[in-house]
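Please treat every number below as a calculation from the coordinates, not as lab data. These numbers were taken from a predicted model, which means no experiment stands behind them. Cβ sites come from the backbone with ideal geometry, for glycine too, and all protein chains shown count toward neighbours.
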Amino acid sequence: MSNIPFSGARLWDSLMEMARIGATGKGGCNRQALTELDGQGRALLARWGAEIGLSLTTDRLGNMALLRPGRDASRKPVAIGSHLDTQPTGGRFDGILGVLAGLEVMRALHEAGAETEAPVVLINWTNEEGARFSPPMMGSGAAMGAFTEEQVLAMQDPEGIRFGDALSAIGWAGEADPASLRDLEAYFELHIEQGPVLEREGLGVGVVTHALAQQWFDVTVTGEESHAGGAMSHRRDALVAAAALVQSIEAIAQEAGGDGRGTVGRIAVEPSSRNVVPSRAVFSVDFRHGDEAALERMAGALRERAQMVATERGVGVEVAPFWAFPQTGFDPALAQRLRDAASGRGILFRDMPTGIGHDAVYVARQVPAVMLFTPCRGGISHNEAESITPAQAEAGMLVLADAVLATAGLAGA
Ligand SMILES: [Zn+2]
């Protein structure tokens, strides 16, 4: 624990000031990536950085890096990052807390006239949310090699506007190579949990040890259309068969144990007529687990169950893989630094996985990375009602700050 004057009040004031850009009627925020408002949010961060002497580098995808030099020029920067963009009906803290907590670390170092051994850099990733331009986490994904720069620049929003054109239009297309952001000693990301665990358990922070592996599927059930007035016998009802499968998705996730999750978020029925027995039902499956082998077993159980339902009900069932994402482990040494920092401040914590994608998950492919969660009210996020308290924000910022300083090294300490 250092004597650097980190200020929870200053952090909160900055969160509230940033929240004015794109403020919504219900107390949330609509500051979608590459809109005029995103440009304004970026300009505010740049101004705050300039006030304390941070040097700003923007890359060709708009990722912003605000650097504070260290005493040892041979060391790579220790990074703190997250995102300023929001969902259309987003909250004031998802992503923003991580960026502005990093800014507070920089401000307090500046105020104390303190020097770190390694440089410290604050990163605002472009388009984490993927609301206007899909998929999410584009800026960090491209920087870490998950997409090419050309792919990202060519992405289009629903109106056919290219990512590259939208970025230029708001004046945030820089010249740096996004891949240069791989050149980091360590990466820390503070984020609201977007789940109920920490609040329910009365904890101050969560040390995120890994991101769950994911497998997504499209399941198509094919039966036979017939009149709703026809007898119940001999029906081949695609929706009733699908319903049985939807129930087993929940059961498969529960039986998988650990951090297994199973969700059916979308279903479409044909012909979707009130008095016709459905001939076709297509639904999505989203399986997640912290253990790849357990996730494989969940996928296997789905295929087995699909086979059974097909036989029992005389329907066709096709299970098609849609997308997959591997399990990502965060850096154990950095996670330990977060635990030590929390203990040092007397802040209660637990280890936990993230079931949700974050920039840190892509960064972890190239750089030792870790995440820290703070509680949020009711676990609600991607919602204008998203809410945290100033004390929760401060606790997360302090743990982040101490772990970052323990990594970068405080000169003379
Ligand atoms: Zn976020």
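Which angle from 0 to 90°, rounded to the nearest 10, does the C-alpha axis of helix 36-51 make with the longest principal axis of the chain?
30 degrees
Using the Karplus curve 6.51 cos²θ - 1.76 cosθ + 1.60 with θ = phi - 60°, what ³J(HN,Hα) values do you get for each residue of region 274-281, in whole Hz, with x for Gly and Pro?
After applying 6.51 cos²θ - 1.76 cosθ + 1.60, I find 4, 10, 10, 5, x, 9, 8, 9 Hz.
What distance in nm lies between label points placed 7 Å from Cα along the C-beta direction at ARG303 and SER284?
2.3 nm
Taking 0.36 nm per intervening residue step and subtracting the Cα-Cα distance, what contour gain separates ASP13 from ALA176 on full extension?
55.6 nm
Extent of region 271-334 along each principal axis, from alpha carbon coordinates, in Å, largest to smallest?
61, 24, 14
Go ahead and run the numbers for FRET between ARG47 and ASP165, Cβ-Cβ distance against an R0 of 22 Å, rounding to 0.05. Write out the running numbers ahead of the final one.
Numbers: r = 25 Å, r/R0 = 1.15.
Plugging the Cβ-Cβ distance into 1/(1 + (r/R0)^6) gives 0.30.
Which of LYS76, LYS26 comes first, and how do the rest follow, when ranked by fewest Cβ neighbours within 10 Å?
Ascending number of Cβ neighbours within 10 Å: LYS26, LYS76.
When the Karplus curve 6.51 cos²θ - 1.76 cosθ + 1.60 is applied with θ = phi - 60°, which whole-Hz ³J(HN,Hα) does each residue of region 2-8 get, with x for Gly and Pro?
So the Karplus estimates, Gly and Pro as x, are 9, 9, 5, x, 5, 10, x Hz.
Would you report the distance distribution of C-alpha pairs in region 257-413 as whole percents per 10 angstrom bin, up to the bin with the largest distance?
Cα pair-distance distribution for region 257-413, in percent: 8, 25, 27, 19, 12, 7, 2, 0.
Please compute, for the alpha-carbon atoms of region 307-383, the extent along each of the three principal axes and give them in descending order in Å.
Sorted largest first, the three principal extents are 62, 34, 24 Å.
If the label point is 7 Å along Cα→Cβ of THR311, which residues in region 272-286 have backbone nitrogen under 18 Å from it?
None, by backbone N distance to the label point.
For the chain, report the convex hull volume of the alpha-carbon atoms normalised per residue, in Å³, without decimals.
147 Å³
Just the projected area, averaged over all directions, of the convex hull on the alpha carbon atoms of region 50-142: how many nm²?
6.4 nm²
Go ahead and run the numbers for FRET between ALA73 and GLU296, Cβ-Cβ distance against an R0 of 51 Å, rounding to 0.05.
The calculated FRET efficiency here is 0.65.
Given the rule -39500 (n - 2.57) for each run of at least 4 DSSP H residues, summed and divided by the residues of the chain, what is its mean residue ellipticity at 222 nm, to the nearest 500 deg cm²/dmol?
Theoretical 222 nm ellipticity from helices: -11000 deg cm²/dmol.
Provide the gained length on full extension for the span GLN336 to ILE267, in nm with one decimal, where the gain is 0.36 nm per separating residue minus the Cα-Cα distance.
My answer for the length gained is 20.6 nm.
Using 1/(1 + (r/R0)^6) with R0 = 25 angstrom and r between the beta carbons of ALA391 and THR89, what's the FRET efficiency to the nearest 0.05?
Numbers: r = 26 Å, r/R0 = 1.04.
Working from the Cβ atoms, E equals 0.45.
For the chain, with the dipole built from +1 on Lys and Arg beta-carbon atoms and -1 on Asp and Glu ones, taken about the Cα centre, which of MET155, ILE388, GLN336 lies farthest toward the positive end?
ILE388
At 0.36 nm per residue, minus the direct Cα-Cα distance, what do GLU250 and GLU224 gain on full extension? Give it in nm, one decimal, please.
In short, 6.7 nm is gained.
Looking at the chain, which longest stretch skips every one of the GluC sites (Glu not before Pro) that is in a DSSP loop with at most 10 other Cβ atoms within 10 Å, leaving the sites themselves out?
176-413
For region 236-277 and region 37-74, what is the separation of their C-alpha centers, rounded to whole Å?
47 Å
In nm, give the distance between the simple-model label positions of ILE356 and ASP183, each being 7 Å from the Cα along the Cα-to-Cβ direction.
Using points 7 Å along Cα→Cβ, the separation is 3.3 nm.
Find how many whole Å separate the alpha carbon centroid of region 219-234 from the alpha carbon centroid of region 139-197.
The two parts, judged by their Cα centres, are 47 Å apart.
Report the Cα-based extents of region 33-89 along its three principal axes, largest first, to the nearest Å.
43, 20, 20
Enumerate the calculated ³J(HN,Hα) couplings along region 93-101 in order (Karplus 6.51 cos²θ - 1.76 cosθ + 1.60, θ = phi - 60°), each rounded to whole Hz, writing x wherever the residue is Gly or Pro.
Result, ordered by residue: 10, 4, x, 4, 4, x, 6, 6, 5 Hz.
Pull up the DSSP beta bridges for the chain and report the antiparallel fraction as a percent, rounded to 5.
Once the DSSP bridges in the chain are tallied, antiparallel ones form about 70 percent.
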